[in-house]
Amino acid sequence: MKEMISEDLYENMEYFHEKLQVTKNFDMIYRMLSVGGRDACLYFIEGYIKDDIMEKLLEFFHSLTPEDLPQTSHELTHSYIPYVEVDMVQEKEQIITNILSGVVCLLIDGYDKCFAIDCRSYPMRSVEEPDKDKTLRGSKDGFVETVVFNTALIRRRIRSPQLTMEMLSAGESSRSNIVLCYMQGRADEALVQKLRERIESLQVDALPMSQESLAEAIYKRKWFNPFPKFKYTQRPDTTSASLLEGKIAILVDNAPTAILLPVTIFDIMEDADDFYFPPLTGSYLRFSRFVIAFLSLLLTPVWLLFMQNPQWIPPWLDFIKVADTVYVPILLQLLILEFAIDGLKLAAVNTPQTLSTPLSVIAGIVVGEFAVKSGWFNSETMLYMAFVAIANYTQSNFELGYALKFMRILLLVLVGIFGGWGLAAGILICVLCIACNRTVSGTSYLYPLIPFDGRQLARRLFKKRTA
């Protein structure tokens, strides 16, 4: 049973002092004041409050006389508190959640309602273009860690009453704010209801990794299929375009990323730059991305197969043969380089900016040139793996890039053990992983290829005019 506050101010204060540990937490502030001759108390967290607004509110409350106070909480809220966002809350747990979220809560002796004044101001960085999702011609703003600013960036682009943003929460300890965003009449209502029920029924203590924790909680994916079921973006323009297409966006507070669903592999491979250029250029960029993804998957396994069977190499491809002596098996070279490239990525992420130049010199000279001279790696192996490493950056989706990497490693191992039959088996496994995958809504992951829809497939492969 939900516990409600009483009209006795000091009884309420005793409860909240104990629950919020006011005497232990230095940033948990309570302020006694007089409102129209009645004792009152303000609870708030230091660092969330706009000082100028609080100063004006305190000045107004001190100016009230006993004759000014109405008899009901409803009349006091709507006529005597000079602020826009004011709610009446009676449940004790809900009041605690508001205080811990940064809302100022006012308790007045003689009133059985708490007045929640939302004048908080979160510490945040500026709205700037994200490092990951950059475009040449697109807008230069991006999501930040404050969910209300992210919803405002979407509202700025979609000024329609059909745009709906439902506020939900999850996590017994974190009580993370989650926004379910969709267009009424365009989004799948059954999927919206399903997501709403899953979020509301989550039995988790917290969402420590924000959107990734939520994604894992609302959809239990098969661990052996690496192809992503969600599309993550830090761009409000991409999110707005997806909402207009009937997709659903999930925003989590403290995360500068939106989760888009349901998505197919064609949606995941799209990039914002495809739409900011004329149709011919956009189509070329999209086609190039598909081709490069295909080459990054098959280039090294096919080359390894040729190196195992030199007699299969036609005369016009003799230049792909390894010219120098091979000291380390080529399969082992390729696998070592696959892990070495990830090691360099992790080093680059964790290296301070002032030391990035020395890291580049070490990686380029020591790992590159000296590794070849020492005999550990052959020049051809380094060349093809360099192409694969660069090709991974053509994919805007991080998860898809690693899905292709896992499939490529599987192909290399199968080719190294079984030769040509291993390549065929690896390609079949890759095709099955994609074909048997399903979107969150249960539809085909390969739509509009399977089931076939020629018009939609042409739209996915070639950019058309936007007007």
How do D324, D8 rank by accessible surface area computed with a 1.4 Å probe, from largest to smallest?
D324, D8
If only Cα atoms are counted, what is the Rg of segment 60-142, and what is its Dmax, in Å?
19.4, 63
Could you tell me the calculated FRET efficiency between V291 and E245, based on Cβ-Cβ distance and R0 = 30 angstrom, to the nearest 0.05?
0.75
Accessible area, 1.4 Å probe, largest first: how do T238, T65 sort?
T65, T238
Round to a whole angstrom and tell me the spacing of the C-alpha centers of segment 116-192 and segment 1-58.
30
For I417 and I313, what does the FRET efficiency come to when R0 = 25 Å and r is the distance between their Cβ atoms, rounded to the nearest 0.05?
0.75
Cα extents of segment 186-343 along the principal axes, largest first, in whole Å, come to 62, 44, 26
Each label sits 7 Å from Cα toward the beta-carbon; between Q90 and A347 the label points are separated, in nm, by 6.5
Please work out the Cα center distance from segment 382-460 to segment 220-269, rounded to the nearest Å.
19
Give the whole-number value, in cubic angstrom per residue, of the convex hull volume spanned by the C-alpha atoms of segment 119-271.
130
Once F398 and D68 are pulled to full extension, the length gained, defined as 0.36 nm per residue separation minus their Cα-Cα distance, is 112.8 nm
For the chain, what is the charge dipole size about the Cα centre, in debye to the nearest 20, if Lys and Arg each add +1 at the Cβ and Asp and Glu each add -1 at the Cβ?
2820
Any idea what the relative contact order of the chain is, in percent, if you count C-alpha pairs under 8 Å spaced at least 6 apart?
13
Say the dipole of the chain comes from +1 at the beta carbon of Lys and Arg and -1 at that of Asp and Glu; which of G171, I313, S441 then lies farthest toward its positive end?
I313
Give me the 1.4 Å probe accessible area per residue for the chain, excluding ligands and nucleic acids, in Å².
53
Please give the length that would be gained between K132 and A458 if that part of the chain were fully extended, namely 0.36 nm times their separation in residues minus their C-alpha to C-alpha distance (nm, one decimal).
114.6 nm
Stretched out fully, how many nm does the piece from V326 to Y284 gain, at 0.36 nm a residue minus the Cα gap?
11.2 nm
Roughly how many debye, to the nearest 20, is the charge dipole of segment 393-467 about its Cα centre, given +1 on each Lys and Arg Cβ, -1 on each Asp and Glu Cβ, and no other charges?
460
Across the chain, how large is the tail of the calculated P(r) beyond 38 Å, expressed as a percent of all Cα pairs?
43
Take segment 226-309, compute every pairwise Cα distance, and split them into 10 Å bins from 0; I just need the percent in each bin.
15, 36, 29, 14, 6, 1
Each label sits 7 Å from Cα toward the beta-carbon; between M4 and Y122 the label points are separated, in nm, by 3.2
So if a site counts as exposed when it's one of the GluC sites (Glu not before Pro), its DSSP state isn't H, G, I, E or B, and it has at most 15 other Cβ atoms within 10 Å, what's the longest stretch of the chain without one?
246-467
Compute log10 of I(q)/I(0) for segment 1-120 with the Debye formula, placing one identical point scatterer on every Cα and leaving out solvent, at q = 0.10, 0.19 Å⁻¹, to two decimals.
-0.26, -1.04
Short to long, in 5 Å steps from zero, the percent of alpha-carbon pairs of segment 375-454 per bin is 3, 12, 15, 18, 21, 15, 8, 4, 2, 1, 0
Trypsin sites (Lys or Arg not before Pro) within segment 216-251: which are DSSP loop residues with at most 14 other Cβ atoms inside 10 Å?
K220, K222
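The values are calculated or read from the model by the stated rules, or taken from the named source; none is laboratory data. All values derive from a computational prediction rather than experimental measurement. Every residue, glycine among them, receives a Cβ derived from its backbone with ideal geometry; neighbour counts consider all protein chains shown. Side chains included, ligands, DNA and RNA excluded: accessible areas come from the protein's heavy atoms. Shrake-Rupley method; radii C 1.70, N 1.55, O 1.52, S 1.80 Å.
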